[in-house]
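No lab work stands behind these numbers, since they all come straight from the coordinates. Not measured: the values here are computed from a predicted model. As a convention, Cβ positions derive from the backbone with ideal geometry for all residues, glycine included, and neighbour counts pool all protein chains shown.
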Amino acid sequence: MPQHSSKLHSSNQQPDVTPSTPKSQGTKMVRSSDDNEKKNLVKKLKDIEFSVPIVYGNIAFWLGKKASEYQSHRWTVYVRGATNEDLSVVVKRVVFQLHSSFNNPMRVVESPPFELSESGWGEFEIAITLHFHNDVCEKPLHLYHHLKLYPEDESGSMSVKKPVVVESYDEVVFSEPSEVLFARVQNHPAVIVPRLPPGIILPPVSVEDADKRKKFDPKDNPLTQWFTNFSEADELLKLAAARQQVQTQIARVRRQLSLIDGQHQQHSKPPNDL
């Protein structure tokens, strides 16, 4: 299962961006029993992890003269790659749970971009559930975002040209992927992968998986110009990759020490009395 650790940022370039604080230290999501039963059917990469940096949040536009008492803003809530990459390489669908006052408050988005647009006047918490492809992880990841429509500074004036933008950064970590899954994600721009130990030969990527990458171009999203500029994004990605390399090395050394310790214990046993 994936784990995720939250680092929340806001851009200094957008005066209407709301600053935020860390939500959690990290959550380790354990594989289900069904996953364990399938271990013998697929070849896993032991002690290997890969991570997917994500950003989730909302953009809200004030409607100005078109605003009414119950329709003051047009807003979009979304989940995207840290630098707006396509997440569908690991994410199958995203479920947005809106306030009960909306018609059909549970909205399901089956393909990228994983976003939902609505209009209204009130702020509320939105539950965001990421469902992954079966070979990635069978359990979903639950996130929560407080929809923000109004500038943090109450004295600030609203503008129809400059939206309110609130975004949170997370890193989702997947442990012991299958060789097929690792081969599929290793060259994807949304994914950070470690260097594999020598001797591991990955299977070729299917034509179907390769074609999926061409269906969605994040640059076509009209909201891109308003997305928060994570000035630390590149450094965060480098740190995440370095951390995975260290964790892989630590796990390998521990396994080697365990084997050596077992051999030592066998040699140190006293001979049986005759």
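Quick one: which residues, 5+ away or cross-chain, put their amide H under 5 Å from the amide H of R93? H built at 1.01 Å from N.
H131
How fast does the stretch 58-149 diffuse by Stokes-Einstein, in µm²/s, taking the Kirkwood radius from C-alpha pairs at 25 °C and 0.890 mPa s?
It comes out at roughly 174 µm²/s.
Considering the options S100, L63, A82, tell which one lies farthest towards the positive end of the dipole of the stretch 61-117, charges being +1 on Lys and Arg and -1 on Asp and Glu at the Cβ, about the Cα centre.
About the Cα centre, the residue reaching furthest to the positive side is L63.
Using packing as a proxy for protection, rank 161-174, 63-76 so that the peptide with the highest average count of other Cβ atoms within 10 Å comes first.
Ranking the peptides 161-174, 63-76 by packing returns 161-174, 63-76.
Based on the Cβ-Cβ distance of I200 and K161, what FRET efficiency does E = 1/(1 + (r/R0)^6) give at R0 = 51 Å, to the nearest 0.05?
Between I200 and K161 the formula returns 0.45.
What FRET efficiency comes out for the pair L63/T224, r = Cβ-Cβ distance, R0 = 25 Å, nearest 0.05? Present the calculation step by step, with values, prior to reporting the outcome.
Numbers: r = 22 Å, r/R0 = 0.86.
It comes out at approximately 0.70.
Apply 1/(1 + (r/R0)^6) to the Cβ-Cβ distance of K92 and Q186, taking R0 = 22 Å, and write down the FRET efficiency to the nearest 0.05.
Working: r = 19 Å, r/R0 = 0.88.
Once rounded, the FRET efficiency stands at 0.70.
Could you pull out the GluC sites (Glu not before Pro) across the stretch 80-116 that fall in loop regions by DSSP (anything but H, G, I, E, B) with no more than 15 other Cβ atoms inside 10 Å?
Those satisfying the criteria are E110.
For K43 and T83 in the same chain, what is the full-extension length gain: residue separation times 0.36 nm, less their Cα-Cα distance, in nm?
11.3 nm
Within the stretch 90-118, what residues put their amide N at less than 13 Å from the label point 7 Å along the Cα-to-Cβ vector of A127?
95-100, 105-107
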